[in-house]
Structure formats: C-alpha cells, structure tokens
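This report refers to the structure that appears directly beneath it.
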Amino acid sequence: MPEPLQLQRRADRVIATLSRPEVRNAIDQDMIDRLHELCGELEREPRTLILIGSDGVFASGADIAQLRERRAADARKGINTRAFQRIRHLPMPVIAAIDGYALGGGAELAYAADIRIGTPRLRIGNPETGLGIIAAAGATWRLPQLVGEARAAEMLLTGRILEADTAVAWGLVSSLVEPDDLLAAAEAVADRIARNDPTATRHTKTALLAPPAAHPEVELELQAHLFESPEKERRMTAFLERRAR
C-alpha cells in the first residue's frame, strides 16, 4: 500500500503530504498513526512542519467508512483529537497549505496549524452534524479563537463551508496564492521562519499557546532565558554594526 503521508525532510523543515488521492486524502487510522510518528520525530528534533495535500485537495475529512464503524469507546479515545493536539503543540511552527477541500477532520487538522495559507479554490468547514456527529477534534474550541464565537457557531451549527475569499476575510487563512504556487509560498514562509533564531521562535510559540492566566509571567520568564543567550548578543551586535555603517 502507498504511504498515506509522504515526507520530505530537510535540515530546518519537514514537508508532509497527505496522500490518499483515491478518497480525497480522507484521514484514516493509518494516516493518524503516521502523524503520531511524525510528531514524535519533530518533538525530538524540532523543525518547521508544512502540511499539504496531494492532487488538489488538502483533506476531505475523516474516513467515513471507518467513522461509521466506531462506537462510544472509540469516541472517548479521541483518535483524531490526540494527533491534532500533538501537531498543535509541536515546538516549531506548523504551516497548513490548503488547496481544494479541507472539510471535517481535514479542517480540524488545518485549524491545529499556526499559519494557514490557501488557494482560490479552497473550501473549508465542518459539515459533521449532517452526518449525525459533532466536530470533536478541535473545531468547537479552536474555531472560536480563529474567527470569533458568532462565526464559529454559524459554521458549526449550519455546516457552512467557506469559500476562499470569505476564509481570508474571516481570518481563517492569512493569504491566497494560485495552486501551482502553493508549496512555494509555504516554503517562503518557512524560509522567513528559518532566518530567525530558532529558540526565540520556539519561545514565541510557547507564549502564543499559553492560557490567558499565564500572561504576562510566561513571556517574562521566556524573555529572561533569551536575554542570557549568546545568540541574542550575536544578533543584536550584528544589527548595531550594520546600522553604524
């Protein structure tokens, strides 16, 4: 069987391509297992992660054939939820490059990323209630943070699928590029990240993920660590020397 997750590894990033084109990259147990393996690798060796789908689709959702057979015990395991939580909490940024459909579990995988870019043919949303279930892998708490409570409620309660322009206007994706340019655009974002201090990037993500009650102490402690770093001294000295020329 072909691998459902195709990986390209580089020194500063991993590109992970969802690859089940025969079912529009629907997320099955095998793909979840591969995502867990990838998370383990990136937890040990932090690098930026780019998630992208094959054949003009990000992910059409969770695999309905498998979902239909799952029962209460399976729901309580949080099969997709646990994998998406690990992706959300990876040390370095996660970029979702979204072409075509990102529905149901596919949308929730995209919501777990730090940065989302799309194409004009992007379609994103959560039609789960039409299938007799809820969006239980992150949408009910991440989507309100991304688009606001009123818009999240509309999407989740009606099953509305957003087109690309609306997704940008609502802040769900940050920009649109043509499909042929999507991976290059995601790599350009990864390049900008790579130019920065990796430790400062990791600490910034830690602060972004911290609960409201942790602020501002969490930033102050992270900044205290960075203030003692040789890389801060090197970068600031280089900046001052360039400005003096």
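The values are calculated or read from the model by the stated rules, or taken from the named source; none is laboratory data. Keep in mind that this is a model prediction, so the values were computed, not measured. Reconstructed Cβ throughout: ideal geometry from the backbone, glycine too, with neighbour counts over all protein chains shown. Quick note on the areas: whole protein, heavy atoms, side chains included, nothing else; ligands and nucleic acids left out. Shrake-Rupley method; radii C 1.70, N 1.55, O 1.52, S 1.80 Å.
Brief remarks on what is shown
- Residues (of a type in the set (S, T, N, Q) and over 23 Å from G159 (Cβ atoms)) located in the stretch 54-112: S54, Q85
- Residue in the stretch 62-94 that is nearest to L183 (Cα to Cα), counting only those that are of a type in the set (G, A, S) and part of a helix (DSSP H, G or I): A83
- Boolean, E221 is open to solvent by 80 Å² or more (accessible area, probe 1.4 Å), assigned to a helix (DSSP H, G or I) and without any contact (Cβ under 8 Å) to a residue 24 or more places away in the chain: yes
- Tabulated pairs, the stretch 14-26, first more than 17 Å from L42 (Cα to Cα) and β-branched (V, I, T), second at pLDDT 95 or above and open to solvent by 10 Å² or more (accessible area, probe 1.4 Å), C-beta under 8 angstrom, 6+ apart or interchain: V23/S60
- Of A73, A110, A65, all but one fail to be of a type in the set (G, A, S), farther than 15 Å from L18 by Cα and modelled with pLDDT of 95 or more; the exception is A73.
- Output for the stretch 75-130, where each listed residue is touching a Lys or Arg at 6+ places or on another chain (Cβ under 6 Å) and among the hydroxyl-bearing types (S, T, Y): Y101, Y111
- Qualifying helices (runs of 4 or more DSSP H) (wholly inside the stretch 113-206; at least 2 residues being surrounded by fewer than 15 Cβ atoms within 10 Å (Cβ to Cβ), modelled with pLDDT of 95 or more and over 18 Å from the mean Cα position of the chain (by Cα)): 149-158, 164-169
- Among the residues making up the stretch 220-230, those that are under 28 Å from the mean Cα position of the chain (by Cα) and of a type outside the set (A, V, I, L, M) are E221, Q223, H225.
- Failed condition for I133, given (1) out of contact with any His (no Cβ under 7 Å at 6 or more places or on another chain); (2) in contact (Cβ under 8 Å) with a residue 60 or more places away in the chain; (3) under 30 Å from P46 (Cα atoms): (3)
- Filtered residues of the stretch 11-61 (kept if assigned to a helix (DSSP H, G or I) and open to solvent by 30 Å² or more (accessible area, probe 1.4 Å)): P21, E22, V23, Q29, D30, D33, R34, H36, E37, E43, R44
- Answer from A110, A102 - the residue that is open to solvent by less than 20 Å² (accessible area, probe 1.4 Å), in a strand (DSSP E or B) and either under 25 Å from L209 (Cα atoms) or not hydrophobic (A, V, I, L, M, F, W, C) (or both): A102
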